[in-house]
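These notes are about the structure you will find just below.
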Amino acid sequence: SSDEPAIAAARTKARAGDRAGARKELEALVQAKPGSAPVLAALGDFQLRAGEVVAAETTFAAALAIAPRDGVLHFDRALALERAGRGADAEAAYLEAGRFSPGLFAAWYNLGELRLQQDDAAGAVDAFRVAEPLVAAGAGRSKVLTRLGVALRKADQPAAAAEAFEKAIVFRPSNVD
């Protein structure tokens, strides 16, 4: 978008340690272009990184009002919701992220982790099974298979868990998890 250079400049400023300057630039951009989903997303990302999870969730929700079919925005909002302790809302947002961006690995993986934390082993199995083919072979695939094995074990499916753990080792022989 035409806002990308300004967004990139603010992100560079933040990475260089000038977080106050970056915030001012992003807030000025939002004031100048309140209908820009990319600008709102950049501010939300800044807020999330600063630990301002409630503000970030509100900002991502405003961006989603402009771009409701953006899977990455749903994912970003899910992260904010999860960090704010709103697990059920985060789960719904991860599902929306997956619906609008079915190949978004992180949405499915995070959904699996969230469901494990909520003691929904069967739901975690489902999410990790979707995530598995979305990540490249190697350490990433091994990690997903390991987490799938954990979910399967908690779902009282020991044979399937053992199979997932064996595959995890194939993709990363040094995997000790």
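Table for the structure above
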read-out	value
Charge sum, other residues only, whose C-beta stays under 14 Å from residue 121's C-beta, Lys/Arg counted +1 and Asp/Glu -1	0
Candidate lysines - alpha carbon under 25 Å from residue 13, same-chain residues fewer than 8 apart omitted	24, 33
Normalised alpha carbon radius of gyration of the stretch 9-76 [divisor 2.2 N^0.38 Å]	1.03
Average Cα contact separation per residue, the chain, under 8 Å, 6 or more apart, as relative contact order %	11
Reduced Cα scattering model of the stretch 40-177, Debye log10 I(q)/I(0), q = 0.10, 0.13, 0.14 Å⁻¹	-0.35, -0.57, -0.65
Kirkwood Rh in Å, taken over the stretch 59-134 so that all alpha-carbon pairs contribute	12.0
Rounded percent of accessible protein surface that carbon and sulfur make up, the stretch 126-177, 1.4 Å probe	54
Distance cut-off 14 Å, percentage of C-alpha pairs in the stretch 126-170 lying past it	38
Mean accessible surface per residue for the stretch 1-65, computed with a 1.4 Å probe while every protein chain stays in place, in Å²	51
Carbon plus sulfur fraction of accessible area for the stretch 1-59, probe 1.4 Å, in percent	58
Cα-projected label distance for residue 88 with residue 20, points at 7 Å along beta-carbon direction, nm	4.2
Mean Cβ neighbour count within 10 Å, used as a protection proxy, ranking 7-15, 36-44 highest first	36-44, 7-15
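The values are calculated or read from the model by the stated rules, or taken from the named source; none is laboratory data. On a predicted model such as this, the values are computed, not experimentally measured, just so you know. Positions of Cβ are backbone-derived with ideal geometry, glycine not excepted, and every protein chain shown enters the neighbour counts. Just so you know, the surface numbers come from the protein's heavy atoms only, side chains and all, with ligands and any DNA or RNA stripped out. Shrake-Rupley method; radii C 1.70, N 1.55, O 1.52, S 1.80 Å.
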